[in-house]
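Throughout, read-outs are computed from the coordinates displayed, never taken from laboratory work. What you see is a predicted model; the values in this text were computed from it and never measured. Here the Cβ positions follow ideal geometry from the backbone for every residue, glycine too, while neighbour counts run over all protein chains shown.
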Amino acid sequence: MNVATQLADLLAWLHKKKIAVGSIIASCIMIDKEVNIKVFDFGYICNRVNEDSVIPLKYVVGRYPEDVSKGGCWTMRSDVYIFGLLLVELITKTKLHSDPSVFDNCKPDSFVHKSFEDVDDQTVFGITSLACRCVSADPGERPTMKMALDDLNKLRKIEKKVEGKRK
C-alpha cells in the first residue's frame, strides 16, 4: 500500500505541475529498506499539459493503453492507465505484458495474490477496484491521479484502523 500511495502521490504531483510522464515500468522503481520508492526513469516527460492535452505516440516508450495503440494520443489519463498496470503487478505479483485482454472482465476479487490474505477485505477490494478503474479501456472512466491518490489515502486510513483493532 505504501509503494502504491507514494507512486500515486508522485504522479498526482507531476500532473498538478502539468507534467505527463509517458510511461513508467516496474523495473524503473527501486524500493529502499524503509519501503520508500525511488523512480529513476520516467520515459518521455512532457510538461505544460492539461487533462486533455495530447503527447505524440512516437515519443512514448514502453507500454500504453489500447486506445492509444489504436490511433489515439497520450493524455494524462494514459498515465493513469500505466499506474493501473503497476498496481495490478503489485497486487498479483505478476509481470504484465501489453495484452489488454487481461482486463476485459476485470473483477476486483479475481486476481489478488495469496500474500494479501492477511489484509482486510475492504482494503483488498478497494485497491483492486481502483486498479480496475485505472485500466479501463475507456479513458473517460479512468480516475485522475488525484482521485486515485485520494482513494489510496482513504484505504490506508481504513487499513490503519483495522490494524489498530487487531492489536
Arrange the following residues from fewest to most other Cβ atoms within 10 Å of their Cβ: 29, 127, 24. 29, 24, 127
For residue 63, list long-range residues whose amide hydrogen, built 1.01 Å from N in the peptide plane, is under 5 Å from its own amide hydrogen. none
With 29 Å as the limit, write out which pairs from 16/154; 17/93; 33/95 have Cα-Cα distances beyond it, or answer none. 17/93
